[in-house]
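Chemist: Below you will find the structure I want to go over with you.
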Amino acid sequence: MARGKYEAKKNGTGDPPAEVSGGVGSPSTVGSVALPTATGPAATGRPADLPVLGIVVMSSWGWRILAVATMVALGLCVTFLLDGHTAIGGIWAFIGLAWAFFTVRLWRMHLAWDSGR
């Protein structure tokens with residue numbers, strides 16, 4: 001999603017860069033100092049800030065892959081609990097819940113970054 005409708009706003013590429021024209025008079029009447037031309041990211045706006053966790057937040061694949069890992073961990077938990085291995089099942093339940101917490105946190109950070117807050 002970040003490469004679609006929000007890319008121009010975040011990268012500052014939505015508007016053409018501002019330029020300083022030479023004006024109506026000749027350069028000799030204006031003075032000997034040449035006027036600087038505005039180019040680069042400062043002219044079009046500030047580029048998007050990088051999130052705290054960087055590309056993991058910017059990409060939606062980070063939380064999606066972690067969500068799949070969470071489902072695998074909870075599946076292992078159920079399997080071990082049904083086989084009678086309560087201790088190992090409890091460990092996998094703890095791991096699955098911890099991964100689920102980080103999945104939801106990454107998902108919310110991605111939504112906040114994608115909406116531009």
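Chemist: Please state the relative contact order of the stretch 49-117 as a whole percent: Cα pairs under 8 Å, 6+ residues apart?
Modeler: Relative contact order of the stretch 49-117: 41 percent.
Chemist: Which translational diffusion coefficient, to the nearest whole µm²/s, is obtained for the stretch 49-117 from the Stokes-Einstein equation, given a Kirkwood hydrodynamic radius over C-alpha pairs, 37 °C and 0.692 mPa s?
Modeler: 255 µm²/s
Every read-out reported here was derived from the displayed coordinates using simple, explicitly stated rules and does not represent laboratory data. In this text, all values refer to a predicted model and were calculated from it rather than measured experimentally.
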